[in-house]
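Report on one structure; see the data block that follows.
The values are calculated or read from the model by the stated rules, or taken from the named source; none is laboratory data. Worth saying up front: this structure is predicted, and the values here are computed from it rather than measured. Note that we place each Cβ from the backbone using ideal geometry, even for glycine, and neighbour counts take in every protein chain shown.
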Amino acid sequence: MMSNNEQITSIPLSKAVVDRRYRVLSVDAKGAVRQRMLDMGLVPGICLAVVRFAPFGDPIEIRIHRFLMSLRKEEAQNVIVTDIGPIPHYGQKLGRGRGLGRMRHFHGKR
């Protein structure tokens, strides 16, 4: 819980840092772009993580729950977020080998 003298520091999503978690404070986009963001789950109050930036900073890839979403830099400037800490890494990162079943072998016909 925050004390009375702490302030929430808000930044546009375009200024966010990779491997940090953020909470969406507002989506200030207009028209169809705003509706698309809201439909895809980018709503105020949701937590997201910045996964990576393209080499020139555009687009930005974010993770909302287990869903990856890419936003243009000008779209990301309309999303106001606050930093809530680093991404927790439990064990090794997920990558190749996922989806092979519980025993790590394919469950195909024999």
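Scanning region 1-33 for residues that are touching a Gly at 6+ places or on another chain (Cβ under 9 Å) and modelled with pLDDT of 90 or more, we see that the one that is farthest from ASN78 (Cα to Cα) is ARG21. Restricting attention to region 43-80 and to residues that are within 23 Å of GLN7 (Cα to Cα) and assigned to a loop (DSSP other than H, G, I, E, B), the residue that is nearest to the chain's Cα centre (by Cα) turns out to be ILE46.
With respect to being at pLDDT below 90 and surrounded by 15 or more Cβ atoms within 10 Å (Cβ to Cβ), ARG63 falls outside the description.
Scanning region 28-51 for residues that are surrounded by fewer than 12 Cβ atoms within 10 Å (Cβ to Cβ) and in contact with a strand residue (DSSP E or B) (Cβ under 9 Å, 6 or more places away or on another chain) yields ASP28, GLY45. Pairs linking a residue in region 2-20 that is on the phi > 0 side of the Ramachandran plot to a residue that is modelled with pLDDT under 90 and in a loop (DSSP other than H, G, I, E, B), with Cβ atoms under 7 Å and 6 or more positions apart or on different chains, are ASP19/ILE87.
Here's the yes/no breakdown for (1) in contact with a helix residue (DSSP H, G or I) (Cβ under 8 Å, 6 or more places away or on another chain); (2) free of Cβ contacts under 8 Å to residues at least 40 places away in the same chain; (3) polar (S, T, N, Q); (4) more than 9 Å from SER14 (Cβ to Cβ):
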residue: ALA54; (1), (2), (3), (4): no, yes, no, yes
residue: ILE64; (1), (2), (3), (4): no, yes, no, yes
residue: PHE67; (1), (2), (3), (4): no, yes, no, yes
residue: GLN77; (1), (2), (3), (4): yes, no, yes, no
residue: ILE80; (1), (2), (3), (4): yes, no, no, yes
residue: ILE87; (1), (2), (3), (4): no, no, no, yes
